[in-house]
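Data first, discussion second: the structure below is written as structure tokens.
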Amino acid sequence: MRIAGWDFFLLTAPVFAIRQYGNFPNQMETSLQDLLGAINDGRVLTPDVFGALDCDEILESRENEGDFDERWNKCMTSVEKGWAEEEPTQDVELLIDEIREISFEIANHATEQHDLASHISDDFDLFARVIVLERHDAFAEALWEAYENGEIPSPATLNE
């Protein structure tokens, strides 16, 4: 995909205040290209993540334990409100679609569990939108930290 001019700059320009001191561990990526790179380079969603994973337990806990589902929906609702005002370019939308599709395919291939793959894809859609909106959301950052630590986010991984 060819991304031209300002769109390319907006997609790849780092947030100076964060990046000037280097890349800290468990820091959410700051561009869509970085997010896609984290997936493609195997920094997140590695085969090890899915090795001994109990998919049903993860799904059950995300939907029914603690306030995980409520917090996730609250975060996404807030992001969607900002997204409605953002008017992203077609190139941005296509890159987000690619991130969603790749994260879904990796999870679906590894687990053969469509529902879990959908949750993971939704998480990466959330990350992408947070990046584009340049928001700092503690819940989204906690989800990202779980992925960077080689875990699928759940109440247990977020210490709820």
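The values are calculated or read from the model by the stated rules, or taken from the named source; none is laboratory data. Computed from a predicted model, the values in this text were never measured in an experiment. Using ideal geometry, Cβ is built from the backbone for each residue, glycine included, and neighbour counts are taken over all protein chains shown.
For region 74-106, the candidate set comprises residues that are modelled with pLDDT of 95 or more and hydroxyl-bearing (Ser, Thr, Tyr); within that set, the residue that is nearest to Val44 (Cα to Cα) is Ser103. When region 81-96 is examined, which residues are found to be outside any helix (DSSP H, G or I) and surrounded by fewer than 14 Cβ atoms within 10 Å (Cβ to Cβ)? Residue satisfying the conditions is Glu87 alone.
Number of residues in region 122-160 that are over 18 Å from Ser61 (Cβ atoms) and without any contact (Cβ under 8 Å) to a residue 40 or more places away in the chain: the value is 3. Listed by first and then second residue, the pairs linking a residue in region 52-77 that is under 13 Å from Asp115 (Cβ atoms) to a residue that is aliphatic (A, V, I, L, M), with Cβ atoms under 6 Å apart and 6 or more places separating them unless they lie on different chains, are Cys55/Leu116; Ile58/Ile152; Leu59/Leu116. The residues in region 101-152 that are closer than 17 Å to Ala38 by Cβ and buried (at least 19 other Cβ atoms within 10 Å of the Cβ) can be counted, and the count is 22. The residues listed here are Gly51, Gly82, Gly37, Gly42; of these, the one that is on the phi > 0 side of the Ramachandran plot and out of contact with any His (no Cβ under 9 Å at 6 or more places or on another chain) is Gly42. Checked against the criterion of being in contact with a Lys or Arg (Cβ under 7 Å, 6 or more places away or on another chain), in a helix (DSSP H, G or I) and of a type in the set (Val, Ile, Thr), region 60-78 contains not a single residue that satisfies it.
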